[in-house]
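Undergrad: One structure follows; several queries about it will come next.
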Amino acid sequence: MNRPALAVVAALPLSGCGGDLKWYVVSPATESGRANLLFLLGGLKYTLLLSLTAIAISVLVGLLVALPGISRHAPWRALNRVYVEVVRSVPVLVLILWVYYGLPIVMGITVSVFWAGVIALALSDSAFEAEIFRAGIQSIDPGQLEAADSIGLGYVDRMRYVVLPQAIRRVLPPLGNQLVYMLKMSSLVSIIGMQELTRRANELVTAEYRPLEIYTVLMLEYLVLILIVSQGVRWMERRMAAAER
């Protein structure tokens, strides 16, 4: 793309705001800016609570779904494949809307905005978690499984003491990536009214009509949050690698 075209593209966001940036709406130097920033940051606790709850449930469900995938029996493996393929085929936004509006009709269950978001995000992510765990478990040397069988360990003890400790260390990086993915996907729950970061930004844009300035702050919020989480995951990887030495 040539320079004139790049200039036109770069000018589009500015033209959408009338070419007159008004950063005072999110400036800590003004009283209204500080109030707006506090309003935006007020959604951080909901984003974190929503994401952490959903990822904890999805890891547990994903592990349970992964176990039939490594079974020697074809029906159990088929059950795993059906679950993974069906859940992965449904867009997250559609699943959020279906859980929130569909469950009360189909099952007579009324769920809050928070739990609708948790259920939808956890269900969607569990299919990916199942594939991560399945790959991690299958990467364990079969000789170790044979050794566990030779000393009389049952299935539960074999998984608990031999397979899962090693598999979890191997799948930690992709699990960390899924947490980052969850933090970003939590923004979709704003569609049903969850007061997380994106919903707060949308409401402030409606009140102030300064989309560029407000969404820039929103982007920086997610950027800082995800960089911190990524560094935390890398720290855990280093600690676990050092413990193996």
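The values are calculated or read from the model by the stated rules, or taken from the named source; none is laboratory data. The shown structure was predicted, so the numbers you read here are calculated from the model rather than taken from an experiment. Note that each Cβ is placed from the backbone with ideal geometry, even for glycine, and that neighbours are counted across all protein chains shown.
Undergrad: What are the residues in the range 18-35 that are of a type outside the set (Lys, Arg) and in contact with an Asp or Glu (Cβ under 7 Å, 6 or more places away or on another chain), if any?
TA: Within the range 18-35, Leu21, Trp23, Val25, Val26 meet the criteria.
Undergrad: Cβ-Cβ below 9 Å, separation at least six or inter-chain, first residue in the range 160-183 and closer than 17 Å to Arg234 by Cβ, second among the basic types (Lys, Arg): which pairs?
TA: Sorted first by the residue in the range 160-183, then by its partner, the pairs are Pro173/Arg234; Gly176/Arg234.
Undergrad: Somewhere in the range 193-215, is a residue surrounded by fewer than 17 Cβ atoms within 10 Å (Cβ to Cβ), basic (Lys, Arg) and assigned to a helix (DSSP H, G or I)?
TA: No, there is no match, as no residue in the range 193-215 is surrounded by fewer than 17 Cβ atoms within 10 Å (Cβ to Cβ), basic (Lys, Arg) and assigned to a helix (DSSP H, G or I).
Undergrad: Collect the residues in the range 150-159 that are in a helix (DSSP H, G or I) and either over 18 Å from Ser71 (Cβ atoms) or modelled with pLDDT under 75 (or both), keeping them in residue-number order. Before you say what the answer is, go through the steps one by one.
TA: Taking the range 150-159 as the starting set, the residues that turn out to be in a helix (DSSP H, G or I) are 150, 155-159.
Correct list: Ser150, Tyr155, Val156, Asp157.
Undergrad: What pairs can you find where one residue is in the range 121-144 and within 10 Å of Gly69 (Cα to Cα) and basic (Lys, Arg), the other is modelled with pLDDT of 90 or more and buried (at least 16 other Cβ atoms within 10 Å of the Cβ), and their Cβ atoms are less than 6 Å apart, with a gap of 6+ or different chains?
TA: Sorted first by the residue in the range 121-144, then by its partner, the pairs are Arg134/Ala66.
Undergrad: Let me ask something else about it. Every residue in the range 184-211 that is under 23 Å from the mean Cα position of the chain (by Cα) and β-branched (Val, Ile, Thr), please.
TA: If the condition is that a residue be under 23 Å from the mean Cα position of the chain (by Cα) and β-branched (Val, Ile, Thr), then Val189, Ile191, Ile192, Thr198 are the ones that fit.
Undergrad: Any idea how many residues of the range 216-245 are assigned to a helix (DSSP H, G or I) and more than 26 Å from Ala35 (Cα to Cα)?
TA: Within the range 216-245, residues that are assigned to a helix (DSSP H, G or I) and more than 26 Å from Ala35 (Cα to Cα) number 16.
Undergrad: A further question on this structure: Keeping to the range 99-113, report how many residues are surrounded by fewer than 19 Cβ atoms within 10 Å (Cβ to Cβ), closer than 15 Å to Met194 by Cα and of a type in the set (A, V, I, L, M, F, W, C).
TA: Looking only at that region, the number is 1.
So that you can scan it fast, the table gives a plain yes or no per residue for (1) at pLDDT 90 or above; (2) surrounded by fewer than 18 Cβ atoms within 10 Å (Cβ to Cβ); (3) in contact with a Phe, Trp or Tyr (Cβ under 7 Å, 6 or more places away or on another chain); (4) closer than 30 Å to Lys45 by Cα:
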position: Ala148; (1), (2), (3), (4): no, no, no, no
position: Tyr161; (1), (2), (3), (4): no, yes, no, no
position: Pro173; (1), (2), (3), (4): no, yes, no, yes
position: Leu188; (1), (2), (3), (4): yes, no, no, yes
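Undergrad: Only one of these is part of a helix (DSSP H, G or I), within 14 Å of the chain's Cα centre (by Cα) and more than 22 Å from Ile96 (Cα to Cα): Pro174, Pro165. Name it.
TA: Pro174
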